[in-house]
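The values are calculated or read from the model by the stated rules, or taken from the named source; none is laboratory data. Worth saying up front: this structure is predicted, and the values here are computed from it rather than measured. Cβ coordinates were reconstructed from backbone atoms using ideal geometry, including for glycine residues, and neighbour counts include every protein chain displayed.
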Amino acid sequence: MSKVFIDGRTLTYEDVVAVARGYKSVDIASEVRDQVERTRRVLEDILAQDRVIYGVNTGFGHLASVRISDEELCKLQENLIISHAAGTGDPFPDEVVRAMILLRANSLARGLSGVRYELIEALVSLANHDICPIIPEQGSLGASGDLAPLAHLALALLGKGKVRMGGMLMDAALALERAGISPLTLMPKEGIGLINGTQAMTAVGAIALYDAVVLAITADAAASMSIEALRGIPDAFRPCLHQARPHQGQMECAEFISRLLEGSRLVSAPGELRVQDAYSIRCIPQVHGATRDVLEYVRKVINTEINSVSDNPLVFPDGQVISAGNFHGQPVALAMDFLSIATAELGNISERRIERLLNPALSGLPPFLAVQGGINSGFMISQYTAASLVSENKVLSAPASTDSIPVSASQEDHVSMGTIAARKARAVVKNVARILAIELMCACQALEFQGPEKLAPGTRRIYDLVRQVLPSLEEDRWLHPDIEAVTELVAEGRIAEVAVAAG
């Protein structure tokens, strides 16, 4: 199995998913030790001079004016971890925790946090032994970074708290013992070095972005099948139209759908059945394409944040130690809110296509695609489910980043709510996967009436994949298992994979 190397500069969101979801092992690039040990020596020299450094020999937040004696510097760091592990709610999934571990190690690997190299090695060992601290999802304001979530992560390094190792819940001390890892005694700066950062929101965001990119391709695939099922007009996807309004995502979407529809015997010419299609068909490139452009923006933000040092204070090789605000999560918060909105729109327009497939006045097909309507309701209630998810997404897409609340006696008087924004984005992505699954189900059923043998070669491959888990509906049956089975195809990226290969 190939490894993912961390150096603080070159990690990508795809690498994060490879470790978080694909269990790739992690290694530390050879140059990291020197860059980390260099600034550790700078910090130790400054402490030997008895200079005041925030969070190293002072208290934290509003307590920054309290000077800590040399004898209590290590105790200060341990107390920081214990006191800040105050999260609540359901725990993050293990894949998010693995991503957090990787991202924190990568940030420290830049060598600007003043911690020991051994701290990075310990984090990498957690990842490689699949030791996932139990980290509650709620409790972060997104500045000073993700304090509570990262404190729960750091507890495990001390041999405290609960973890899952290989999926089994146990005490952290036992997991470390089984893995042959010694619990850490934190040295000056290392507690704050572990918890000042945006790694919780960025971990959730990286995985949500990865899944949203898959959904953007899947949305084009589902839309292509709906176009054929509704005998749509492919003229709306001609290159000259989109070159006249050259948004990159719009052009890419139109080209992709044109390739998927190539060879179809179901699409129609203008005036053959109607002069022009409804917006949910005709404007697919403009809507889906805008989402593609947002995803590209979010990718840039996430990849930048993955390779950033969001600690405070920062220690530089030239001897400077500077307290500032790199821990503030506003860049990620805004990107996650934008991700929620853009991904929700894929669901909004998909639900409108579902309605067109099921409404006989719009489709010319049997009501609700039932073989014998009346005694059978067909896919009637699947549209209710899609509509419910769409409405839920509208609530979830309300921005978190416009909110702030002062904490720490108003020393920290503006916060990002970035972790809330990321968690909402993850929820929207999951909902849209189900909406697209319902569209695929309805499109496949509609094609039973239109003749699947007339499909384009590209969309026929998608149809055949869906039919592996979803038989055609001859009479009413329990639809929940069908929705879950097709959602699994969507979420695992199998629809997108086939669509890319076909298009």
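Here C240 fulfils each of the conditions (1) in the same structural domain as R461 (by TED's automatic domain parsing); (2) part of a helix (DSSP H, G or I); (3) in contact with a helix residue (DSSP H, G or I) (Cβ under 8 Å, 6 or more places away or on another chain) apart from (3). Of all the numbered requirements in (1) surrounded by fewer than 20 Cβ atoms within 10 Å (Cβ to Cβ); (2) without any contact (Cβ under 8 Å) to a residue 40 or more places away in the chain, V466 misses one, and that requirement is (1). Residues that are charged (D, E, K, R) and buried (at least 24 other Cβ atoms within 10 Å of the Cβ) were ranked within the range 212-243; the one that is farthest from L489 (Cα to Cα) is E228.
The helices (runs of 4 or more DSSP H) located wholly in the range 1-89 that include 1 or more residues which are at pLDDT below 95 and surrounded by fewer than 17 Cβ atoms within 10 Å (Cβ to Cβ) occupy 32-48, 73-84. Does S388 satisfy being hydroxyl-bearing (S, T, Y) and farther than 26 Å from F368 by Cβ? When the stated conditions are applied, S388 does not pass them.
Scanning the range 69-113 for residues that are closer than 28 Å to Y13 by Cβ and basic (K, R) gives R98, R104, R110. For the range 466-498, residues that are under 18 Å from A446 (Cβ atoms) and either among the acidic types (D, E) or touching an Asp or Glu at 6+ places or on another chain (Cβ under 9 Å) (or both) total 9. Which one is surrounded by the fewest Cβ atoms within 10 Å (Cβ to Cβ) among residues in the range 386-443 that are closer than 30 Å to V498 by Cβ and acidic (D, E)? Only one residue fits best here, namely E392. Taking the criterion of being part of a helix (DSSP H, G or I) and surrounded by fewer than 21 Cβ atoms within 10 Å (Cβ to Cβ), the residues of the range 244-270 that qualify are Q248, M251, E252, E255, S258, R259. Does E255 satisfy being under 28 Å from the mean Cα position of the chain (by Cα) and modelled with pLDDT of 95 or more? For E255, the condition - under 28 Å from the mean Cα position of the chain (by Cα) and modelled with pLDDT of 95 or more - is met. Inclusion of A222 among residues that are of a type in the set (G, A, S), closer than 22 Å to V96 by Cβ and assigned to a helix (DSSP H, G or I) is not warranted. Being in a helix (DSSP H, G or I) and buried (at least 21 other Cβ atoms within 10 Å of the Cβ) is a property that G378 lacks. Among the residues of the range 118-153, the one identified as in a loop (DSSP other than H, G, I, E, B), surrounded by fewer than 24 Cβ atoms within 10 Å (Cβ to Cβ) and in contact with a Phe, Trp or Tyr (Cβ under 8 Å, 6 or more places away or on another chain) is D130. Contact map, the range 15-44: first residue within 18 Å of L126 (Cα to Cα), second residue among the polar types (S, T, N, Q) and part of a helix (DSSP H, G or I), Cβ cut-off under 8 Å, separation 6 or more or different chains; pairs are S25/N128; V26/N128.
Can you tell me which residue within the range 295-338, out of those that are touching an Asp or Glu at 6+ places or on another chain (Cβ under 9 Å) and part of a helix (DSSP H, G or I), is surrounded by the fewest Cβ atoms within 10 Å (Cβ to Cβ)? Among those residues, the one meeting the criterion is P331. Cβ-Cβ contacts under 7 Å between residues 6 or more apart (or on different chains), taken from a first residue in the range 391-404 that is assigned by TED's automatic domain parsing to the domain that holds A342 to a second residue that is among the hydroxyl-bearing types (S, T, Y) and not in a helix (DSSP H, G or I), are listed as S401/S416.
Residues checked against (1) out of contact with any Pro (no Cβ under 8 Å at 6 or more places or on another chain); (2) under 15 Å from Q199 (Cα atoms):
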residue: S107; (1), (2): yes, yes
residue: R116; (1), (2): yes, no
residue: L123; (1), (2): yes, yes
residue: C132; (1), (2): yes, yes
residue: G139; (1), (2): no, yes
residue: G142; (1), (2): yes, yes
residue: K162; (1), (2): no, no
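Pairing residues of the range 250-267 that are closer than 18 Å to T291 by Cβ with residues that are of a type outside the set (G, A, S) and outside any helix (DSSP H, G or I), at Cβ distances under 6 Å and at least 6 apart in sequence or on separate chains, gives no pairs at all. Close contacts from the range 469-493, counting a first residue that is without any contact (Cβ under 8 Å) to a residue 40 or more places away in the chain and a second that is part of a helix (DSSP H, G or I) and of a type in the set (S, T, N, Q), with Cβ to Cβ under 8 Å and a gap of 6+ residues or different chains, come to S472/Q445.
Conditions tested, residue by residue: (1) touching a residue at least 40 places away in the same chain (Cβ under 8 Å); (2) on the phi < 0 side of the Ramachandran plot; (3) part of a helix (DSSP H, G or I); (4) surrounded by fewer than 19 Cβ atoms within 10 Å (Cβ to Cβ).
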site: L155; (1), (2), (3), (4): yes, yes, yes, no
site: V163; (1), (2), (3), (4): no, yes, no, no
site: L176; (1), (2), (3), (4): yes, yes, yes, no
site: P188; (1), (2), (3), (4): yes, yes, no, no
